[in-house]
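Novice: Below you will find the structure I want to go over with you.
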Amino acid sequence: SMVKVNMGSPILTAKEIPVVAETEQVIDAPITVDGKEYHMTAVSMGNPHAIIYIDDVNSLDLEKIGPSYENHPRFQPARVNSEFIEVKSRDHIRMRVWERGSGETWACGTGATASAMAAILRGFTDDEVRVSLRGGDLLIRFDRESRHLFMTGPAKEVFHGSIDIPEEIYSHL
C-alpha cells in the first residue's frame, strides 16, 4: 500500500542548514572535494543535505567521496548527508545517498525530498518528481502554495507487537 507524508517546508537559509557560505542560500554553489570542483545545492528537511549533480550515479565511487563530503569543513560541526543525483527527465531523477554516520543507505525520505526540492530550484524538473533510489522509488511533490513537500511511497508493516502496561502507570495518565 502507498502512504503520503507531509515532509514540511524546506529550509534554504545557509546558517540554518547549517552550511558555511558567503550567500544566504546555497544553490548551484561551487565546492572543492578531494581536489575536484563540484556544484552543490544545500537544503535542510530538519537535517542537512548537500545535493550534487553528476552524469552517472552507477559509476560513482561513493565509498570514497561520501566521507569527504560528510567531513568537509563547510559542514562542521553537524556534518552533512550527501545526495548524488542523475537527472533522467523533467519528472525523474536517480539518487545515491551517503548518510552521515552510517554510509550509503538504500532509502532516505528526507534525502529524496531535499533532492527533489534542489532539482526544482535548479529548474531541472517540474514540481512532481519520481526519485529512484537503490531501495525503490519515491514520489515527491512540491506544493507552491503551502511551500510544503509531500512524499508518497510504499509502506510495509515491519513489526507488530503488544505491550502490557501496569495499571499503576496508566491510571495516572
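The values are calculated or read from the model by the stated rules, or taken from the named source; none is laboratory data. Owing to the predicted nature of the structure, the values given are computational and were not obtained by experimental measurement. Note: ideal-geometry Cβ built from the backbone for every residue, glycine included; neighbour counts use all protein chains shown. These area figures cover heavy atoms from the full protein model, side chains too; ligands, DNA and RNA do not enter into them. Shrake-Rupley method; radii C 1.70, N 1.55, O 1.52, S 1.80 Å.
Novice: Mind jotting down the distance between the C-alpha centroids of the stretch 109-136 and the stretch 42-88, whole Å?
Specialist: Cα centroid of the stretch 42-88 versus Cα centroid of the stretch 109-136: 14 Å apart.
Novice: Straight-line reach from LYS4: which lysines fall under 27 Å, measuring Cα to Cα and dropping same-chain residues less than 8 apart?
Specialist: By straight Cα distance, LYS4 reaches LYS88, LYS156.
Novice: Another question about this same structure. Carbon-plus-sulfur fraction of the accessible area of the stretch 31-173, 1.4 Å probe, in percent?
Specialist: Roughly 50 percent of what the probe reaches on the stretch 31-173 is carbon or sulfur.
Novice: Once both labels are modelled 7 Å past Cα along the beta-carbon direction, what's the SER59-ARG134 spacing in nm?
Specialist: Placing both labels 7 Å beyond Cα along the Cβ direction yields 1.9 nm.
Novice: With the dipole of the chain worked out from charges on the C-beta (+1 for Lys and Arg, -1 for Asp and Glu) around the Cα centre, which of HIS160, VAL33, THR13 lies farthest toward the positive end?
Specialist: Towards the positive end, the residue furthest out is VAL33.
Novice: Mind checking which lysines have their C-alpha under 21 Å from LYS64, skipping anything on the same chain fewer than 8 residues away?
Specialist: Those lysines meeting the cut-off are LYS36.
Novice: Once you've got the GNM for the chain with C-alpha springs shorter than 10 Å, pick whichever of SER115, SER68, SER59 has the biggest mean-square fluctuation.
Specialist: Fluctuation is largest for SER59.
Novice: Efficiency by 1/(1 + (r/R0)^6): what FRET value for LYS88 and VAL158, r their Cβ-Cβ distance, R0 = 25 Å, to the nearest 0.05?
Specialist: Between LYS88 and VAL158 the formula returns 0.25.
Novice: OK, next. So what is the 222 nm mean residue ellipticity for the chain from helices alone, if each DSSP H run of at least 4 adds -39500 (n - 2.57) and you divide by all residues, rounding to the nearest 500 deg cm²/dmol?
Specialist: Result for the chain, helices only: -4500 deg cm²/dmol.
Novice: Related question: Where does the charge balance sit around ASP56 when Lys and Arg score +1, Asp and Glu -1, over other residues with C-beta under 14 Å from its C-beta?
Specialist: Residues close to ASP56 contribute a combined charge of 0.
Novice: Further question: Quick one: putting +1 on the C-beta of Lys and Arg, -1 on the C-beta of Asp and Glu, what dipole do you get for the chain around its Cα centre, in Debye to the nearest 20?
Specialist: Here the size comes out at about 300 debye.
Novice: Computed from these coordinates, which is percent of Cα pairs over 26 Å apart: [x] 48; [y] 31; [z] 24?
Specialist: It is the one labelled [y].
Novice: A follow-up question, please. Springs between alpha-carbon pairs under 10 angstrom, Gaussian network model over the chain: which of ALA112, ALA14, ALA50 fluctuates most?
Specialist: Highest fluctuation among the options: ALA14.
Novice: Still on this structure: Could you tell me which of rounded, prolate or oblate describes the stretch 38-139, using a ≥ b ≥ c as the square roots of the eigenvalues of the alpha-carbon gyration tensor, with rounded for a/c under 1.5 and, failing that, prolate when a/b is larger than b/c and oblate otherwise?
Specialist: Here the stretch 38-139 falls in the prolate category.
Novice: Give me the 1.4 Å probe accessible area per residue for the chain, excluding ligands and nucleic acids, in Å².
Specialist: It amounts to 55 Å² per residue over the chain.
Novice: Over the chain, with a Gaussian network built from C-alpha contacts below 10 Å, which listed residue (ASP137, ASP61, ASP126) shows the highest mean-square fluctuation?
Specialist: Comparing ASP137, ASP61, ASP126 in a Gaussian network model of the chain, the most mobile one is ASP61.
Novice: Mind listing the long-range amide H neighbours of MET40? Cut-off is under 5 Å, sequence gap 5 or more, other chains count too, H placed in the peptide plane at 1.01 Å from N.
Specialist: Here ASP28, ALA29, ILE31 satisfy the definition.
Novice: Please work out whether the stretch 82-154 counts as rounded, prolate or oblate from its C-alpha gyration tensor, where a ≥ b ≥ c are the square roots of the eigenvalues and a/c under 1.5 means rounded, while otherwise a/b larger than b/c means prolate and anything else oblate?
Specialist: Judged from the Cα gyration tensor, the stretch 82-154 comes out prolate (a/c at least 1.5, a/b above b/c).
Novice: Output the 0 to 90 degree angle, nearest 10, between the alpha-carbon long axis of helix 109-122 and the longest principal axis computed from the alpha carbons of the chain.
Specialist: So the inclination is approximately 40 degrees.
Novice: Continuing with this model, one more query. Residue-wise, which Karplus ³J(HN,Hα) couplings in Hz belong to the stretch 152-165, taking 6.51 cos²θ - 1.76 cosθ + 1.60, θ = phi - 60°, and x for glycine or proline?
Specialist: Rounded to whole hertz, the list is 10, x, x, 10, 10, 6, 10, 7, 9, x, 9, 9, 9, 10.
Novice: Now a separate question. Could you compute the FRET efficiency for SER68 and GLU168, with r as their C-beta to C-beta distance and R0 at 41 Å, rounded to 0.05?
Specialist: 0.15
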